[in-house]
Amino acid sequence: MHLGKVLLSFGALGLGALASPDSRGSGSGIGSSHGHGSSGDGSPHGSDGGNPDPIKCQDPPLRKEWRQLNDFEKAEYLGAVHCLTSLKPISPFKGVVNHYDDFQATHADQTPYIHWVGFFILWHRYFVATYEKALREECQYQGAQPYWNWALDASKDENSTAIFETEIFSKTLGFGGNGKYEEATAEQNPFNLTGRTGGGCVEGGAFAPGLFTRNYPTPDCVRRDFIPWIMNSFAQQSLVDHVQAQDDYTSFARAIENIPSFSEPNIHGSGHFGAGGVLGTLGNSAQSPGDPLFFMHHTNLDRILWGWQLKDLPTRFHQVGGPIVPFDYGGKNVTLDFEVNIGTLAPNVTLEQLLNPQGDILCYGYANVEH
Ligand SMILES: *[C@@H]1O[C@H](CO)[C@@H](O)[C@H](O)[C@H]1NC(C)=O
Ligand SMILES: *[C@@H]1O[C@H](CO)[C@@H](O)[C@H](O)[C@H]1NC(C)=O
Ligand SMILES: *[C@@H]1O[C@H](CO)[C@@H](O)[C@H](O)[C@H]1NC(C)=O
Ligand SMILES: *[C@@H]1O[C@H](CO)[C@@H](O)[C@H](O)[C@H]1NC(C)=O
Ligand SMILES: [Cu+2]
């Protein structure tokens, strides 16, 4: 109720009113400003002094960890996510009702092709940046896409629940907590995961039933199913360090996903299966963007990529690798001109364009790469 009031008061300030479908911007999607002749090092400043390129990315929004936001910023962000649900859909999928659903359905449509491939992390970089752009340009959100740095709270005690007690799971000004415990059938739990604690609709927060419904493929609440041992073991800083210690893009891309197994932790799985578990929305590999927490988790992974790139930018603005077909590690690899698409959400772009968060296509930064 508290949150409802906060959101309402922001609505009264005008933020909510801006959510009307008519307010959709015209054709200002990411990529609509495709430029030519940008300097090869990714710097927005052209190298030929005679005819400098226009600077494509000015004043990039700076992404912060959720707990670095003040209450106003948190409410503004949560309100903007709600705003997406009031905009008309732009994707062709049956069952989508609003623009938030477009993101979930687009991910669901491509799930079999965009994981355990060389472009996994860059596809998701584009996906999150497009979401951020929609929040800012169509919902008048003033800030940047925040992130959830789970490693800050990962405990060595596998059964600790401290990681679920941080601000992001606030039931007032946050994403809400766990769901009520529900039994899972053997069919629902093919990996026989133990230690489940939830499965029901998220309790409290901005996305509780009544405040938020996801519509694709069929209407449901946002579900959470916290599994402490997965969250704690997959979110360890030592694993992040291991991923960031990789020497080239190919091994970085492989390390961040590791293998699809619960006996070997992988940081990408931390938010998905630690918070989503078996019955939770985030734990469903196709439908995971149906929980707005998805974008907080994936922005943290993107920050980890950017932190890795920063260690050697001249090389890491221009290096990709890894299979085109999932798990096809001996087969054909992606190259810089490989195109990714996110359906009707934004135009196709190349991996090289996505390597630069402040280039022709993307425009954001991180306030602090370390946290
Ligand atoms: C965590 O809880 C499980 C189940 O109760 C138990 O088997 C395990 O020993 C606990 N782990 C630690 C480190 O206490
Ligand atoms: C899960 O348990 C079922 C029933 O005991 C078994 O058939 C199946 O192989 C198990 N799956 C895994 C991944 O261990
Ligand atoms: C793709 O990259 C992997 C890892 O670097 C390499 O082993 C493989 O030979 C490459 N595939 C081709 C077709 O070159
Ligand atoms: C975008 O990429 C997809 C898949 O690679 C392709 O099917 C589609 O035709 C491309 N769209 C455009 C406009 O090039
Ligand atoms: Cu994904």
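The values are calculated or read from the model by the stated rules, or taken from the named source; none is laboratory data. Every value quoted in this text rests on a predicted model; they were computed, and no experiment measured them. Cβ atoms come from the backbone with ideal geometry, glycine included; neighbour counts cover every protein chain shown.
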Take Glu183 and tell me if it is surrounded by fewer than 19 Cβ atoms within 10 Å (Cβ to Cβ), closer than 19 Å to Ala235 by Cβ and charged (D, E, K, R). no
Criterion violated by Pro112 - all others in (1) over 17 Å from the mean Cα position of the chain (by Cα); (2) under 30 Å from Asp328 (Cα atoms); (3) crowded, with 24+ Cβ neighbours inside 10 Å satisfied: (3)
Any residue at all in region 78-99 that is in a helix (DSSP H, G or I), crowded, with 21+ Cβ neighbours inside 10 Å and in contact with a Lys or Arg (Cβ under 7 Å, 6 or more places away or on another chain)? yes
Suppose the filter is within 16 Å of ligand 3 (Cβ to nearest atom) and modelled with pLDDT of 95 or more; does Phe127 pass it? no
Any residue at all in region 295-308 that's in a loop (DSSP other than H, G, I, E, B) and either more than 16 Å from ligand 4 (Cβ to nearest atom) or in contact with a strand residue (DSSP E or B) (Cβ under 9 Å, 6 or more places away or on another chain) (or both)? no
Collect the residues in region 324-371 that are within 16 Å of ligand 3 (Cβ to nearest atom), closer than 30 Å to Val96 by Cα and touching a strand residue (DSSP E or B) at 6+ places or on another chain (Cβ under 9 Å), keeping them in residue-number order. Ile324, Phe338, Leu351
Name the residue, out of Gly322, Gly277, Gly359, that is farther than 23 Å from Arg67 by Cβ, within 16 Å of ligand 2 (Cβ to nearest atom), over 16 Å from the mean Cα position of the chain (by Cα) and in contact (Cβ under 8 Å) with a residue 60 or more places away in the chain. Gly277
Residue that is farthest from ligand 5 (Cβ to nearest atom), among those in region 320-363 that are farther than 18 Å from Glu257 by Cα and polar (S, T, N, Q): Gln358
Within region 153-180, work out how many residues are exposed (fewer than 14 other Cβ atoms within 10 Å of the Cβ) and either within 16 Å of ligand 3 (Cβ to nearest atom) or not in a loop (DSSP other than H, G, I, E, B) (or both). 1
